Amino acid sequence: QVQLVESGGGLVQPGGSLGLSCAAAGSINSINTMGWYRQAPGKQRELVASITSGGSTNYADSVKGRFTISRDNAKNRVYLQMNSLKPEDTAVYYCNANIWAHGFLGYNDYWGQGTQVTVSS
């Protein structure tokens, strides 16, 4: 069994900062790409940022220069540092990871339970 456990999130004022963390736990052979998605009310889930096992990153245009994704391969963790937050960043943020788990022939996508980020004064 593989689980993605998220932490962080909460309420922050516009212009503030917040950090998210996600740990992959279970019987894991290898992790490929890890990332963060978000879903605002009435909108589709969208990619926020992703990072490969080699450290290559990809960001949504709306967060470039404000958000930073990083990972610790030894701990199977991925992080999202969010600065200069705006009200439009309000959403449920989901951790995603492409994982090769014990007992499986290849990689599969796993999702965290989601954590609420609210940017409001």
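Things worth noting here:
- Meets criteria (closer than 24 Å to Gln1 by Cα and in a strand (DSSP E or B)) for Ala25: yes
- Being more than 21 Å from Gln113 (Cα to Cα) and not acidic (Asp, Glu) holds for only one residue in Ser27, Ser62, Ser50, Ser7, and it is Ser62.
- Filtered by the rule that a residue be surrounded by 15 or more Cβ atoms within 10 Å (Cβ to Cβ) and among the charged types (D, E, K, R), the range 83-121 gives a lone residue, Asp89.
- Options Ser70, Ser62; residue that is assigned to a strand (DSSP E or B), open to solvent by 40 Å² or more (accessible area, probe 1.4 Å) and among the small types (Gly, Ala, Ser): Ser70
- Given (1) within 29 Å of Gln13 (Cβ to Cβ); (2) part of a strand (DSSP E or B), index of the condition Ile99 fails: (1)
- Here Ser70 clears all of (1) more than 13 Å from Val117 (Cβ to Cβ); (2) touching a Lys or Arg at 6+ places or on another chain (Cβ under 8 Å) except the condition numbered (2).
- Of all residues in the range 7-22 being at pLDDT 95 or above and part of a loop (DSSP other than H, G, I, E, B), the one that is most open to solvent (accessible area, probe 1.4 Å): Gln13
- Annotation: of all residues in the range 50-59 being out of contact with any strand residue (DSSP E or B) (no Cβ under 7 Å at 6 or more places or on another chain) and open to solvent by 50 Å² or more (accessible area, probe 1.4 Å), the one that is farthest from Gly9 (Cα to Cα) is Gly54.
- Selection from the range 23-41 of residues that are more than 19 Å from Gln81 (Cβ to Cβ), at pLDDT 95 or above and of a type outside the set (S, T, N, Q): Ala25, Gly26, Ile28, Ile31, Ala40
- Against the list (1) open to solvent by less than 70 Å² (accessible area, probe 1.4 Å); (2) assigned to a strand (DSSP E or B); (3) more than 25 Å from Gly106 (Cα to Cα), the condition Leu4 fails is (3).
- Checking the stated criteria, Leu80 turns out not to satisfy the condition of being modelled with pLDDT of 95 or more, outside any strand (DSSP E or B), surrounded by 13 or more Cβ atoms within 10 Å (Cβ to Cβ) and touching a Leu at 6+ places or on another chain (Cβ under 7 Å).
- Of the residues in the range 39-49, at least one is open to solvent by less than 30 Å² (accessible area, probe 1.4 Å) and assigned to a strand (DSSP E or B).
The values are calculated or read from the model by the stated rules, or taken from the named source; none is laboratory data. In this text, all values refer to a predicted model and were calculated from it rather than measured experimentally. Methodologically, a virtual Cβ is constructed for each residue, glycine included, from the backbone with ideal geometry; neighbour enumeration extends over all protein chains shown. Each accessible area value is taken on the protein alone, full model and side chains, heavy atoms only, with ligands, DNA and RNA left out. Shrake-Rupley method; radii C 1.70, N 1.55, O 1.52, S 1.80 Å.
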